[in-house]
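The structure under discussion appears below in the form of structure tokens.
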Amino acid sequence: MIDTPTRRAVLRAGGVGAGIVAAGSMLAIDRSAAETPLAATPACHDGDEATLAQTEGPYFKPSSPERVELLEAGMAGQQIELVGIVLTRGCQPLAGALLDFWQADDKGRYDNSGFRLRGHQFTDAEGRYRLRSIVPGLYPGRTRHIHVKVQPRGGRILTTQLYFPGEAHNRSDGLFRMELLMRTAKNEGWLAGRFDFVVG
Ligand SMILES: [Fe+2]
């Protein structure tokens, strides 16, 4: 999905307009366009602020299984592949950073007894991660979101939430922040998402 995670490549990817869905609109694209990397979110500039932290909420559970694939056979919901890079504030990709994702199912329910739709993984040598899951459902009081904790090797944990563009409830959710919007591109039967984390 992401050719090279160097800063240059990230900046170059920012110029790729095809298939990018701006907040508030959805644009159907073909499969070949989907293979074009989505623009970095946010484009990393040396010395930028770290990705905004948010509350972990009531449903985090430690000790999730290590896996990039949260999809299970028969799981309802639109499939999503979320990819991105974990970067330093100097825009250097971080290998071996931990990402721990947890989210609701398509009915807005969290699995609090088991580990359904929960999993952790580590960035590769080029700082990349890749999550395959479903688009989470809505639950009362919240817009659509995915929770994540990001921890560079030996570093501090960033806890935050990622949001989806074009969601009516983004405006009414007090936790929603534009800076935490992923970029998405709609494909036949699945959604491509991208979000790059900048950690302090
Ligand atoms: Fe939540």
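The values are calculated or read from the model by the stated rules, or taken from the named source; none is laboratory data. Nothing here was measured: the structure is a model prediction, and the numbers come from that model. Neighbour counts run over all protein chains shown; Cβ positions are idealised from the backbone, glycine included. Heads up: the accessible areas ignore ligands, DNA and RNA and are worked out on the full protein's heavy atoms, side chains in. Shrake-Rupley method; radii C 1.70, N 1.55, O 1.52, S 1.80 Å.
Points worth noting:
- Of the trypsin sites (Lys or Arg not before Pro) found in region 52-116, those in coil by DSSP whose Cβ has at most 12 other Cβ atoms within 10 Å are 107.
- Whole-number percent relative contact order across region 126-169, with pairs defined as alpha carbons under 8 Å at least 6 apart: 33 percent
- Cross-link partners of residue 61 among lysines (Cα-Cα below 29 Å; sequence separation of 8 or more within a chain): 107, 149
- Packing rank of 73-82, 93-102, where each peptide gets the mean count of other beta carbons within 10 Å, highest leading: 93-102, 73-82
- Sequence-separation-based contact order of region 74-135, relative, with Cα cut under 8 Å and 6+ spacing, percent: 49 percent
- Surface calculation, 1.4 Å probe, protein heavy atoms: residue 169 sits at approximately 90 Å² accessible.
- In the complete set of protein chains, residue-level accessible area for residue 172 is approximately 90 Å², probe 1.4 angstrom.
- Alpha carbon convex hull of region 56-200, volume per residue in cubic angstrom: 117 Å³
- Candidate residues 163, 110, 59: accessible-area rank, largest first, probe 1.4 Å: 59, 110, 163
- The Cβ shell under 9 Å around residue 163 holds other residues with a net charge of 0, Lys and Arg each +1, Asp and Glu each -1.
- Fraction of antiparallel bridges per DSSP, region 57-200 only, in percent to nearest 5: 70 percent
- Distance between the 7 Å Cα→Cβ label points at residue 126 and residue 175: 3.3 nm.
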